[in-house]
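What follows draws every value from the coordinates through simple rules; no lab data is involved. Remember, predicted model here, so these are calculated numbers, not experimental data. Glycine gets a Cβ as well: all are built from the backbone with ideal geometry, and neighbour counts include every protein chain shown.
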Amino acid sequence: MTQLEAARAGTVTPEMAAAAAREGTTGEYVRQEVAACRAVVPRCSAGRPLDPIVIGSRFRVKINANIGSSRDRADARDELEKVEVAVKFGSDTVMDLSTGGDIDGIRRSILERSRVPLGTVPIYQVAHEKGFCDWSFDDFLAVVKRQAEQGVDYMTIHCGLTRAALPLLEGRITHVVSRGGSFVVARMTKHGGENPLYERFDEILEVARKHDVTLSLGDALRPGSVHDAGDDAQFHELRTLAGLARRAARAGVQVMIEGPGHVPLNQVKRNMELEQIYCNGAPFYVLGPIVTDVAPGYDHITGAIGAAWAALWGASMLCYLTPREHLGLPHLDDVRQGVVAFRLAAHAADLAKGLPGARALDDEMSRARKALDWERQFALAFDPGTAERLHKEDTPAEETACSMCADFCSMKLMNAVASGRGN
């Protein structure tokens with residue numbers, strides 16, 4: 001029985017109860033949201049030790065960190081270090097997007113070492129093994145089965161890109177920027193016919209149901225530039241994904257919907273609202289969105305800006321971006337910067353939505369600032385090491401105030417006034 005089937009049968013699973021405890025709510029509330037397909041609890045039935053989470057717009061906004069090898073850098077130790085850093089700084093899930101080296105071995109190592117839900121994009125491994133254009137549906141399904149048997153908790157499937165959408169790409173600057181989407185288009189172009197992941201979606205559902213793998217329905221036609229945002233191709237795919245999500249629900253398979261992409265700030269709210277309408281409130285998992293195209297080296301910032309607004313208007317999980325987005329495979333410190341930026345975006349949205357307990361950390365930080373309690377401020381920071389380093393670089397150890405204000409520190413002065421020591 002899958003998490004969705006159990007929820008519909010009125011059963012609060014151990015995973016739902018554990019996720020609820022982390023949210024400060026009840027297992028019954030989580031069960032109701034899962035049963036209504038407004039939330040998912042990604043948990044493969046393979047049974048590895050896992051700290052369950054619930055992903056849905058009525059819960060704390062989650063973040064995902066992408067890691068993975070490439071042709072040029074395929075050291076499993078590097079990827080394990082990235083996972084450790086991502087989890088240390090607050091990533092709720094990790095996706096292994098490996099395209100080079102021993103992909104099965106890298107994934108196995110992550111599953112053995114990590115207790116957060118793991119996601120993959122199976123078509124990447126298919127292309128690695130069979131090429132971009134000449135893979136078959138059977139090749140694809142074999143990889144899905146292999147990954148599910150290993151214990152992958154959720155998978156991105158590019159099943160919403162159909163032949164009918166291809167003419168709608170005319171006028172785009174960046175055409176198809178999804179790697180998985182480009183593999184599907186390349187195959188359709190060479191061999192003709194429909195996208196086999198769309199045509200034979202029910203067979204994918206059979207495997208997902210057997211192993212209780214959550215499907216993340218991929219946005220193969222997400223906009224790769226603000227020019228392309230909100231076009232007919234993007235929303236054609238979203239409507240197709242909505243129909244596939246309903247089929248998955250009937251099959252007892254949990255589903256998330258993936259979203260854009262590059263979207264100017266004034267379109268973010270509309271994107272979130274349309275997904276909620278088309279997909280009946282299914283969890284929306286968004287990449288960024290990136291709100292301007294001119295920031296190579298700073299896309300963790302452009303993405304976090306869009307992510308905060310997306311989460312405020314209904315996104316359930318944010319896929320991080322690093323400073324190396326569009327430039328290269330992330331290094332270890334890029335992962336740290338990306339996770340911190342997106343954790344801040346998620347927290348800002350939780351705070352704005354008034355989630356119970358969201359403001360407690362902010363209030364505690366404010367009290368520590370008022371008291372000029374630097375060690376407490378460092379401990380409360382999302383990146384304690386960076387906060388401590390920046391403070392101590394040019395502030396003498398004997399100083400209670402920082403080097404910005406020194407004797408002109410308002411906190412120091414008002415504390416003195418309050419205690420009757422002020423002049």
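Here are some notes:
- Residues Met188, Met317, Met365, sorted so that the one with the fewest Cβ neighbours within 10 Å comes first: Met365, Met188, Met317
- Option label - P(r) over Cα pairs in 20 Å bins from 0, in percent computed here, alternatives [x] 26, 56, 15, 3, 0; [y] 21, 49, 29, 1; [z] 20, 45, 31, 4, 1, 0: [x]
- Using only side-chain charges placed at the Cβ, +1 for Lys and Arg and -1 for Asp and Glu, the dipole size of segment 360-419 relative to its Cα centre rounds to 160 debye.
- Modelled label reach - Glu84, point 7 Å along Cα→Cβ, segment 337-376 residues with backbone N closer than 17 Å: 337
- Peptides 411-419, 127-135 ranked from most to least packed, by the mean per-residue count of other Cβ atoms within 10 Å: 127-135, 411-419.
- The chain: calculated mean residue ellipticity at 222 nm from DSSP helix runs of at least 4, using -39500 (n - 2.57): -15000 deg cm²/dmol
- The fewest-to-most ranking of Ile157, Ile277, Ile257 by surrounding Cβ atoms within 10 Å reads Ile277, Ile257, Ile157.
- Segment 335-423: GluC sites (Glu not before Pro) in DSSP loop, at most 16 other beta carbons within 10 Å: Glu393, Glu398, Glu399
- In the elastic network of the chain, a GNM with C-alpha springs shorter than 10 Å, the most mobile of Thr11, Thr400, Thr189 is Thr400.
- Only Lys, Arg (+1) and Asp, Glu (-1) charged, at Cβ; the chain dipole about Cα centre in debye: 860 debye
- Residues Phe382 and Arg71, FRET efficiency given R0 of 41 Å [Cβ-Cβ distance, rounded to 0.05]: 0.75
- Placing unit charges on the Cβ atoms of the charged side chains and taking the dipole of segment 360-419 about its Cα centre, the candidate lying farthest along the positive direction among Asn415, Ala397, Ala381 is Asn415.
- Lysine pair count for the chain with Cα-Cα distance under 22 Å and sequence separation of 8 or more or different chains is 11.
- Within a Gaussian network of the chain (alpha carbon springs, distance under 10 Å), most fluctuating of Leu244, Leu166, Leu265: Leu166
- Close amide H pairs (under 5 Å, H built 1.01 Å from N) link Leu287 with Gly259, Gly261, Cys319, residues at least 5 positions away or on another chain.
- Between Arg163, Arg367, Arg247, the GNM of the chain built on Cα springs shorter than 10 angstrom shows Arg367 fluctuating the most.
- Positive contributions from Lys and Arg (+1) and negative ones from Asp and Glu (-1), summed over other residues with Cβ under 14 Å from the Cβ of Asp299, come out at -2.
- Residue order for Ser316, Ser403, fewest other beta carbons within 10 angstrom first, comes to Ser403, Ser316.
- Each Lys and Arg Cβ is given +1 and each Asp and Glu Cβ -1; about its Cα centre, segment 1-146 then shows a dipole of about 460 debye.
- Three-way shape call for segment 360-419 based on the alpha-carbon gyration tensor, with the a/c threshold at 1.5: oblate
- When cysteine pairs in the chain are screened for C-beta atoms closer than 4.7 angstrom, the residues that find no partner are Cys37, Cys44, Cys133, Cys159, Cys279, Cys319, Cys402.
- Leu265-Arg108 pseudo-label distance in nm [points 7 Å out on the Cα-to-Cβ vector]: 4.9 nm
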